[in-house]
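The values are calculated or read from the model by the stated rules, or taken from the named source; none is laboratory data. Bear in mind the structure is a predicted one, so any value in this text is a computation, not a measurement. So basically every Cβ, Gly included, is an ideal-geometry build from the backbone, and we count neighbours across all protein chains shown.
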Amino acid sequence: MQTRQQDVCALRSLRLTMDVVTFREYCLRKKGASEHLPFDDRTLVFKVGGKMFALCDIESFVGANLKCDPERAVELREQYSGITGGYHMNKKHWNTVATEGDVPDHLFTELIDHSYELVRSSLPKKEREKL
C-alpha cells in the first residue's frame, strides 16, 4: 500500500497546481481506484469497491466533490471559503473543494486521501483485503 508521503511526492512530480489531469492521476494512484462516466460525458467519477469517493466536471474543473467526515466538513467550510457543501450531493457527507481560492494543494490532496479512506473503510473486510 502506498503511503501518504509517496502520494504527496507523486503529486509534486506531476504538478504543484491542481488541475483536472493532476486530480485524475492522483485519484487513480489510489489502490483499487477506478474511473467512470455514469451520469454524462463530462462528470468523471472515481470509485473504490464500487463506491464513489470523488467526482468532478472534466470540462470546467472548477472543483471536485469529495466525501468527508460530517464534523470535519463543517470545520473546513468555516475555515475555507473554497470549501462548501457538496454540489448536487448530500451536504452532510460531501464537500465541494474549489480549485481556485484559499484551499492549498496539500489540503486538496489530503481531502482526496480522506475521502478515499472513508469509502474504503466502509467496505466489507473481505473486499478491503482484496485492495
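For the stretch 103-117, does any single residue satisfy the condition of being modelled with pLDDT under 95 and more than 20 Å from Leu28 (Cα to Cα)?
Within the stretch 103-117 (the criterion being modelled with pLDDT under 95 and more than 20 Å from Leu28 (Cα to Cα)), the answer is yes, since at least one residue qualifies.
If I ask for residues that are of a type in the set (Gly, Ala, Ser) and in contact with a Leu (Cβ under 8 Å, 6 or more places away or on another chain), which ones from the stretch 87-131 would you list?
Ser115
To keep it simple, each residue is scored yes or no on (1) under 18 Å from Asn95 (Cβ atoms); (2) assigned to a helix (DSSP H, G or I); (3) under 12 Å from the mean Cα position of the chain (by Cα).
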{"residue": "Thr22", "(1), (2), (3)": "no, yes, yes"}
{"residue": "Tyr26", "(1), (2), (3)": "yes, yes, yes"}
{"residue": "Ser34", "(1), (2), (3)": "no, no, no"}
{"residue": "Pro38", "(1), (2), (3)": "no, no, no"}
{"residue": "Asp41", "(1), (2), (3)": "no, no, no"}
{"residue": "Val45", "(1), (2), (3)": "yes, no, yes"}
{"residue": "Phe53", "(1), (2), (3)": "yes, no, yes"}
{"residue": "Cys56", "(1), (2), (3)": "yes, no, yes"}
{"residue": "Ser60", "(1), (2), (3)": "yes, no, no"}
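Taking interchain pairs and intrachain pairs at least six residues apart, which have beta carbon atoms under 9 angstrom, with the first residue in the stretch 23-38 and more than 11 Å from Gly50 (Cβ to Cβ) and the second among the hydroxyl-bearing types (Ser, Thr, Tyr) and part of a loop (DSSP other than H, G, I, E, B)?
Within 9 Å, the pairs are Phe23/Thr99.
For the stretch 97-108, give me each residue that is buried (at least 21 other Cβ atoms within 10 Å of the Cβ) and out of contact with any Gly (no Cβ under 8 Å at 6 or more places or on another chain).
Phe108
Mind checking whether some residue in the stretch 34-55 is buried (at least 16 other Cβ atoms within 10 Å of the Cβ) and on the phi > 0 side of the Ramachandran plot?
yes
How about the stretch 51-62: which of its residues are of a type outside the set (A, V, I, L, M, F, W, C) and free of Cβ contacts under 8 Å to residues at least 60 places away in the same chain?
Listed by number, the residues that qualify are Asp57, Glu59, Ser60.
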